[in-house]
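Report on the following structure.
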Amino acid sequence: MTACRREGDTWVLNGEKKWIGNATFADINIIWARDESSGQVKGFVVGKDNPGFAVKKIEHKMALRVVQNGLITLKDCRVPEADRLQNANSFRDTANVLRMTRAGVAWFAVGCGRGAYEHALRYATQRIQFGKPIAGFQLVQDLLVRMLGNVTATQCLMLRLGQLQTQGLMTDEQASLAKAFCTVKCRETVGYARELLGGNGILLENHIGRFVADAEAIYSYEGTREMNTLIVGKAITGLSAFV
Ligand SMILES: Cc1cc2nc3c(=O)[nH]c(=O)nc-3n(C[C@H](O)[C@H](O)[C@H](O)COP(=O)(O)OP(=O)(O)OC[C@H]3O[C@@H](n4cnc5c(N)ncnc54)[C@H](O)[C@@H]3O)c2cc1C
């Protein structure tokens with residue numbers, strides 16, 4: 001947990017932030033920290049040269065290799081009050097950001113699943129076994145149709161969510177439901193695509209391995225399935241199951 005405490009016109013931040021996207025080269029990072037005195041979450045704009053701020057690139061990722069993720073450490077990192085986000089005063093304000101980013105990651109899942117489906121369909125029409133394209137076998141068509149079903153269902157869900165978002169009506173639980181559902185379906189879809197390619201499915205040159213790996217990251221960040229499930233579960237039952 002990252003904590004902050006106020007000393008006059010300065011805030012002192014201590015803690016760590018793991019996996020922060022693009023933090024390795026960003027000029028500024030937004031850091032959320034819990035105020036030791038009020039217990040409320042506050043947001044800060046922290047520059048890369050700020051004393052007490054350090055970031056290290058996380059190496060050896062198997063997924064989303066195109067993105068750099070950083071491990072940020074904050075050791076008595078001093079930030080002026082002027083660099084505190086003035087309208088972020090509780091976790092409710094942080095949740096407003098998470099609502100938007102969760103919807104965004106749900107779209108990533110749609111794209112990842114669709115990409116895997118399109119590669120698999122093309123492969124199925126080109127790969128010849130027993131004298132004909134494997135796309136002509138019933139069980140291969142079954143995989144393609146399962147994939148298309150997932151892609152279509154998640155696209156339609158996200159279209160509707162996008163409409164609600166545009167109208168300013170999207171709720172936290174709708175974004176969480178979309179993030180959890182679309183990433184589960186994406187993971188299933190890329191698995192079908194990998195299966196369809198047989199042994200060639202594990203060769204990087206056939207692209208499916210990349211979708212399979214990326215689906216794992218998308219599945220876990222911006223709130224795991226468990227956390228998003230607890231948000232939706234609380235909304236539909238009125239009972240919080242958070243520990
Ligand atoms: C590629 C990638 C990019 C990321 N980018 C960012 C970023 O830009 N900014 C940022 O702030 N974060 C980022 N993250 C962090 C990400 O949001 C967290 O990894 C994610 O929320 C899970 O937290 P954790 O890894 O600490 O897992 P843990 O909290 O250790 O959880 C491990 C498992 O236990 C389950 N679990 C934990 N607690 C509970 C509970 N109370 N009840 C039920 N189940 C529980 C989790 O659901 C999960 O399955 C990124 C992560 C990845 C992998």
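I'd like the FRET efficiency for residue 130 and residue 204, computed as 1/(1 + (r/R0)^6) with the beta carbon distance as r and R0 of 30 Å, rounded to 0.05. Once rounded, the FRET efficiency stands at 0.65.
Using C-alpha pairs under 8 Å with a sequence gap of at least 6, the mean separation divided by the residue count of the range 186-238 gives a relative contact order of 28 percent. A full extension of the chain between residue 9 and residue 236 corresponds to an added length of 77.4 nm, given 0.36 nm per residue minus the alpha carbon distance.
Could you compute the FRET efficiency for residue 71 and residue 164, with r as their C-beta to C-beta distance and R0 at 35 Å, rounded to 0.05? Spell out each step's value before the answer.
On the way: r = 35 Å, r/R0 = 1.01.
It comes out at approximately 0.50.
Could you give the size of the charge dipole of the chain about its Cα centre, using +1 on the Cβ of each K and R and -1 on the Cβ of each D and E, expressed in debye and rounded to the nearest 20? Walk me through the numbers on the way to the answer.
Details: 30 positive and 23 negative charges, 103 e Å.
Computed about the Cα centre, the dipole is about 500 debye.
Under the convention that each Lys and Arg Cβ holds +1 and each Asp and Glu Cβ holds -1, the size of the dipole of the range 29-122 around its Cα centre is about 400 debye. Normalising the average separation of contacting C-alpha pairs (under 8 angstrom, six or more residues apart) by the number of residues puts the relative contact order of the range 1-64 at 28 percent. For the chain, the tally of Lys pairs with Cα-Cα distances below 21 Å comes to 20, considering only residues 8 or more apart or on different chains. Each of 238, 97, 129 was scored by the projection of its Cα onto the charge dipole of the range 91-243, and the greatest displacement toward the positive side belongs to 129; charges sit on the C-beta of Lys, Arg, Asp and Glu.
Label zone of residue 137 (point 7 Å out along Cα→Cβ, amide N under 18 Å): in the range 183-213 this covers 191-203.
In degrees, nearest 10, range 0 to 90: what is the angle between the Cα axis of helix 172-196 and the longest Cα principal axis of the chain? With rounding to tens, the tilt is 40 degrees. Cα centroids of the range 200-223 and the range 9-80: 27 Å apart. Normalise the Debye intensity by I(0) for the range 1-148, one equal point scatterer per Cα, no solvent, then take log10 at q = 0.10, 0.14, 0.17 Å⁻¹ and round to two decimals. Taken in order of the listed q values, log10 I(q)/I(0) reads -0.53, -0.76, -0.98. Simple spin-label estimate for residue 49 and residue 85 gives 2.5 nm between the two label positions (7 Å along the Cα-to-Cβ direction from each Cα). For the range 1-149, averaging the sequence separation of C-alpha pairs within contact (under 8 Å, six or more residues apart) and dividing by the residue count gives a relative contact order of 21 percent. Sorting the segments 64-72, 100-108 by their mean number of nearby beta carbons within 10 angstrom, highest to lowest, gives 100-108, 64-72.
Along the axis of the charge dipole computed for the chain (Cβ charges of +1 for Lys and Arg, -1 for Asp and Glu, origin at the Cα centre), the listed residues 193, 14, 38 are led at the positive end by 193. Applying 1/(1 + (r/R0)^6) with R0 = 25 Å to the Cβ-Cβ distance of residue 101 and residue 57 gives a FRET efficiency near 0.70.
With no solvent and one equal point scatterer placed on each C-alpha of the range 113-204, evaluate the Debye formula and give log10 I(q)/I(0) for q = 0.17, 0.23, 0.25 Å⁻¹, two decimals. For the requested q values the scattering log ratios are -0.72, -1.05, -1.17.
Counting only helical runs of four or more DSSP H residues, what would the 222 nm mean residue ellipticity of the chain come to if each run contributes -39,500 (n - 2.57) and the total is spread over all its residues? Each step should come with its number before you reach the end.
Numbers: 5 runs with 116 residues, N = 243.
Calculated from helices alone, the mean residue ellipticity at 222 nm is -17000 deg cm²/dmol.
Of the peptides 34-43, 179-188, how do they stack up when ordered by the mean number of other Cβ atoms within 10 Å, highest first? Please list the in-between numbers first.
Values: 34-43: 15.1, 179-188: 23.9.
Put in order of decreasing packing, that is 179-188, 34-43.
Laboratory data are not the source of any read-out in this text; all were calculated from the coordinates shown. If you're wondering where the values come from, they're calculated on a predicted model, not measured in any experiment. Quick reminder, even Gly has a Cβ in these numbers, built from the backbone with ideal geometry, and neighbours come from all protein chains shown.
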